[in-house]
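Visitor: Questions regarding the structure given below will be posed in turn.
The values are calculated or read from the model by the stated rules, or taken from the named source; none is laboratory data. On a predicted model such as this, the values are computed, not experimentally measured, just so you know. Note that we place each Cβ from the backbone using ideal geometry, even for glycine, and neighbour counts take in every protein chain shown. Note: accessible area is taken over every heavy atom of the protein model, side chains too, but ligands, DNA and RNA are not part of it. Shrake-Rupley method; radii C 1.70, N 1.55, O 1.52, S 1.80 Å.
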Amino acid sequence: MKAAFRDHYVSTDLVQVRTLPIPEPKPKEIQVKVVATTINRTDMAVVTGWPWIMRFFVGLPNPKFPVPGTDFVGVISAIGSDEKGFKIGDKVWGFIDNGCGSHAEYFCTSSYSNLQKIPEGIDWKSAAGSIEGVHYAYNFINKMTLQPGNNVLVIGGTGAIGSAAIQILKSMGVLVTAISLGHVERVKELGADRVIDGSKGDWTQFVGQFDAVFDAVGKSRFKICKPLLKENGVYISSELGPNWENPFLAIKSGFMGKKKVKFPVPTNVQKSLEKIGQLLLEGKFQPLIDRTVSLDEISQAYTYVNSGKKIGNVILKVSQDLF
């Protein structure tokens, strides 16, 4: 089979394409024929081992899986002798944030809590673009107490997380102001009530207007966004922040003042998949797609994603006959 490959932590331009043996499932594993996946921000950390803390989960001193890839949509192509919950031909999707080897034509896994069957009526491309970013967005949003009519500021409206957050918030009846560096029209199409081009407008002027600020790209700080929050407002960032300040501020703000920092750890992939599956079927969500690439373009695609210039999702098409 063809697969992306690196056997130690490398810069993104050093990811190669190799021909490897097709892995066979162990007794409690399934083998997945990959239809598509994404090249995402989590993959950057898995490949490069940065931030360094990722290595405790991905592998020390080298990655446990030489083939990268964290999310996937595909078809079960073989089943281990002890596995009873799935059958060959089942369509599945999932996300394993410390890597599962899905940037390949086939991979095997026993992480059943991180995958489920794809609901009927969802096409491969929509499914592939609705996993990694959605999982993070949903797990940040569900840690805030929001009601219809509340105002939320989303910083980074064109990323996979930010574009998902806007649509999930709108499905809840929340009023969304989005900050985007360009691509204003694309963000408006996602349903944001107000879009500010961060390269032109001053978004720090909206003092005391928001029930929550969600930084989906890690480009702000609590001390900058605190004046924008209402009295009991909440600040959440998808990143650790300078000097890893956000986890510490989350603890500190719990004892000081009414404006809080939250730093949730995303969990329960199946619940995320169930939520987004429902929204996809109801027509309330459509993933933002930047481009679709093939396995042979993997090195260039990794470098592009790592540049920070992508919008939404970069889809990696693996199975030419099914996608």
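Visitor: Which numbered condition in (1) open to solvent by 10 Å² or more (accessible area, probe 1.4 Å); (2) of a type outside the set (A, V, I, L, M); (3) assigned to a helix (DSSP H, G or I) is the only one that Gly133 fails?
Guide: The number of the failed condition is (1).
Visitor: Of everything in the stretch 222-233, what is part of a strand (DSSP E or B) and open to solvent by less than 30 Å² (accessible area, probe 1.4 Å)? Give them in sequence order.
Guide: Within the stretch 222-233, Leu229, Gly233 qualify.
Visitor: Given the condition touching a Gly at 6+ places or on another chain (Cβ under 7 Å), hydrophobic (A, V, I, L, M, F, W, C) and part of a strand (DSSP E or B), answer yes or no: does some residue in the stretch 85-93 qualify?
Guide: Yes, the conditions are met somewhere in the stretch 85-93.
Visitor: Continuing with the same structure: Can you report the number of residues in the stretch 1-46 which are touching a helix residue (DSSP H, G or I) at 6+ places or on another chain (Cβ under 8 Å), closer than 18 Å to Tyr302 by Cβ and assigned to a strand (DSSP E or B)?
Guide: Counting residues in the stretch 1-46 that are touching a helix residue (DSSP H, G or I) at 6+ places or on another chain (Cβ under 8 Å), closer than 18 Å to Tyr302 by Cβ and assigned to a strand (DSSP E or B) gives 9.
Visitor: Also: Is there a residue in the stretch 254-273 that is within 30 Å of Lys91 (Cβ to Cβ), touching a Ser or Thr at 6+ places or on another chain (Cβ under 6 Å) and either among the acidic types (Asp, Glu) or open to solvent by 50 Å² or more (accessible area, probe 1.4 Å) (or both)?
Guide: no
Visitor: Same structure again: Working carefully through the options Ser102, Ser126, find the one that is part of a loop (DSSP other than H, G, I, E, B), under 16 Å from the mean Cα position of the chain (by Cα), under 28 Å from Gly283 (Cα atoms) and modelled with pLDDT of 95 or more.
Guide: Just a single option satisfies the conditions, and that option is Ser102.
Visitor: Test each condition in (1) more than 26 Å from the chain's Cα centre (by Cα); (2) closer than 18 Å to His135 by Cβ; (3) among the hydroxyl-bearing types (Ser, Thr, Tyr) for Ser253 and report the one that comes out false.
Guide: Exception for Ser253: condition (2).
Visitor: Taking the stated definitions as given, is Lys219 in contact (Cβ under 8 Å) with a residue 60 or more places away in the chain, open to solvent by 70 Å² or more (accessible area, probe 1.4 Å) and touching a strand residue (DSSP E or B) at 6+ places or on another chain (Cβ under 9 Å)?
Guide: yes
Visitor: Just name the residue that is nearest to Ile39 (Cα to Cα) out of those in the stretch 63-104 that are touching a residue at least 60 places away in the same chain (Cβ under 8 Å) and among the polar types (S, T, N, Q).
Guide: Thr70
Visitor: How many residues does the stretch 190-216 hold that are open to solvent by 70 Å² or more (accessible area, probe 1.4 Å) and without any contact (Cβ under 8 Å) to a residue 12 or more places away in the chain?
Guide: 3
Visitor: Same structure, new question: Give the number of residues within the stretch 172-189 that are part of a helix (DSSP H, G or I), free of Cβ contacts under 8 Å to residues at least 60 places away in the same chain and either open to solvent by 40 Å² or more (accessible area, probe 1.4 Å) or within 28 Å of Thr145 (Cβ to Cβ) (or both).
Guide: Number satisfying all stated conditions: 4.
Visitor: Residue pairs, Cβ under 6 Å, 6 or more apart or interchain, first in the stretch 42-55 and without any contact (Cβ under 8 Å) to a residue 24 or more places away in the chain, second open to solvent by 30 Å² or more (accessible area, probe 1.4 Å). List them.
Guide: Ala45/Met54
Visitor: How many of the residues making up the stretch 51-77 are part of a helix (DSSP H, G or I), surrounded by fewer than 21 Cβ atoms within 10 Å (Cβ to Cβ) and out of contact with any Gly (no Cβ under 9 Å at 6 or more places or on another chain)?
Guide: 3
Visitor: Now for a separate question. So for the stretch 155-170 (the condition being out of contact with any Ser or Thr (no Cβ under 6 Å at 6 or more places or on another chain), farther than 17 Å from Ser220 by Cβ and at pLDDT below 95), does at least one residue qualify?
Guide: No, the conditions are met nowhere in the stretch 155-170.
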